[in-house]
Each structure stands twice: as structure tokens, then as C-alpha cells.
1. Quick one: Debye curve from the alpha-carbon atoms of region A:1-60 only, equal weights, vacuum; give me log10 I(q)/I(0) at q = 0.17, 0.20, 0.28 Å⁻¹ to two decimals.
2. Placing +1 on the Cβ of each Lys and Arg and -1 on the Cβ of each Asp and Glu in region B:7-111, which of B:58, B:33, B:80 has its Cα farthest towards the positive end of the resulting dipole?
3. Given the Cα atoms of region B:1-63, and with Rh set as the inverse mean 1/r over their pairs in the Kirkwood sense, what is Rg to Rh to two decimals?
4. With an 8 Å Cα cut-off and a minimum separation of 6 or more residues, compute the relative contact order for region A:48-114 in percent.
5. Once every Cα of the protein assembly as shown carries one equal point scatterer and solvent is ignored, give the base-10 log of I(q)/I(0) from the Debye formula at q = 0.09, 0.17 Å⁻¹, two decimals.
6. Can you bin every Cα-Cα distance in chain B into 5 Å intervals starting at zero and give me the percent of pairs per bin, rounded to whole numbers?
7. Taking the alpha-carbon set of region A:26-69, what are its Rg and Dmax in Å?
8. In debye, nearest 20, what is the charge dipole magnitude of chain A about its Cα centre with +1 on Lys and Arg Cβ and -1 on Asp and Glu Cβ, if you could check?
Amino acid sequence: EAQVTQNPRYLITVTGKKLTVTCSQNMNHEYMSWYRQDPGLGLRQIYYSMNVEVTDKGDVPEGYKVSRKEKRNFPLILESPSPNQTSLYFCASRRERGNTGELFFGEGSRLTVL
Amino acid sequence: GDSVTQMEGPVTLSEEAFLTINCTYTATGYPSLFWYVQYPGEGLQLLLKATKADDKGSNKGFEATYRKETTSFHLEKGSVQVSDSAVYFCALTYNFNKFYFGSGTKLNVKP
């Protein structure tokens with residue numbers, strides 16, 4: 001089954017404790033991206049990657065890092081989480097060849113930073 | 001800058017009612033426009049799209065027309081069902097790399 005898998009789905013952590021949210025896709029998609037969803041603000045793009053070792057900032061990259069060492073994985077790293085990073089995070093991917101613009105989303109990771 | 005504005009929700013309708021969810025955009029060029037739907041506890045999934053002015057996207061009884069003159073992409077459905085209850089997001093992109101989403105409109109359909 002074609003899917004985008006995120007882990008963990010739920011996490012409560014404390015300020016300053018480094019964490020990583022993993023994202024993996026099994027569709028051989030070149031493009032992957034991270035979003036955060038906040039009430040009244042919709043989805044805002046954090047980072048995206050057009051292929052291995054190629055990453056670029058979205059609209060809200062501050063406080064986040066990403067890496068793309070393998071095509072299927074695109075982890076989101078919070079080096080020193082703060083309460084304003086409490087949010088629902090979504091990973092998405094799309095194919096490059098025959099690109100229709102359709103994004104395939106994971107089920108989301110709800111992060112709470114105390 | 002580029003942005004998408006959606007009508008505030010929630011929108012509450014009775015089954016078989018007509019649905020309109022308004023979406024307007026601000027763009028410096030000619031973006032592609034999308035509607036995504038998010039069912040409870042799930043990620044977003046593409047509902048329909050339009051890539052140029054006057055295009056009409058349609059899927060599952062939903063329709064939206066890309067109106068350049070009014071910078072709008074309103075979502076419509078003639079007869080909603082309880083199963084259509086979800087959050088609907090309007091979005092735009094130029095190059096399919098950077099996407100701009102609206103704030104989402106929650107739809108509740110009552111039997």
C-alpha cells in the first residue's frame with residue numbers, strides 16, 4: 001500500500017529536549033515536505049526537499065532542521081523545542097515525473113512541548 | 001505576498017443541502033489551485049485542482065472553477081452527505097514546491 005508514515009504520532013516533551021519526527025514514503029517520490037497545522041492558520045510549510053541532499057526553506061523554518069540522506073526518508077529535527085512549536089505536523093510527498101501537483105500526506109504527528 | 005483566504009467555519013448544513021465554501025487568493029502570477037480535504041484523524045488528501053484560468057476541477061460531486069478576474073476558487077457541491085463532514089483547505093502553488101494553504105473550513109453535515 002502506497003503511504004507516507006510518520007513517527008511518533010503523539011509526543012509530549014519538555015523545552016530544550018532534542019527530538020526527531022521521522023517521515024518515510026514508499027512511493028519512490030523525489031519531493032518531500034513538512035508542514036505544521038495550527039488553529040486559524042491552516043498549514044504552513046516548514047521545509048521541503050526536491051531530492052536527496054537537496055533541501056530548502058518554507059515559510060516557517062525557524063527552530064527546525066531537516067535532512068535528506070535517502071530518498072524515502074525526510075526527518076524533521078527540533079534541536080531545542082520550545083512551547084511555540086506545539087503543533088500538529090504533517091509530512092507530504094509527491095512524484096516528480098508526471099508531476100500533477102498532488103501531495104500525499106501522512107497521518108500527522110501531534111507534538112506538545114511543555 | 002502570496003496567500004489564500006477561506007471563509008470562516010464551521011459551516012453546518014443538513015444532508016442534501018447545497019454547499020459553497022469560499023476561497024480567494026492573492027498571487028503575483030498565475031498559480032495552480034487546489035482543494036484538499038481532511039477527514040477526522042487523517043492527513044489531507046487531494047479533492048480537486050485547476051491549473052489555469054477558467055478551468056473547472058471536479059471530483060466526487062464537488063466542483064470549483066478557477067476565476068482569474070475575481071481571484072477565486074470557490075468549492076461547491078449540489079447535495080452534501082453526512083460523509084462529507086471534514087475540514088476543507090484551499091491551496092495554491094506556482095512550481096509545486098512551495099504551497100500556500102488557507103486556514104481551513106470545517107463542514108458539519110447533519111442527517
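Bear in mind that the values in this text are calculations on the coordinates, not laboratory data. Treat the numbers as computed from the prediction; the structure is a model and nothing was measured. Every residue, glycine among them, receives a Cβ derived from its backbone with ideal geometry; neighbour counts consider all protein chains shown.
1. Taken in order of the listed q values, log10 I(q)/I(0) reads -0.76, -1.01, -1.26.
2. Among B:58, B:33, B:80, the one farthest towards the positive end of the dipole of region B:7-111 is B:33.
3. Looking at region B:1-63, the ratio lands at 0.97.
4. The value is 25 percent.
5. For the requested q values the scattering log ratios are -0.36, -1.22.
6. 2, 13, 24, 26, 18, 10, 4, 1, 0
7. Every Cα atom of region A:26-69 included, Rg and Dmax give 11.3, 34 Å.
8. Once rounded to the nearest 20, the dipole reads 220 debye.
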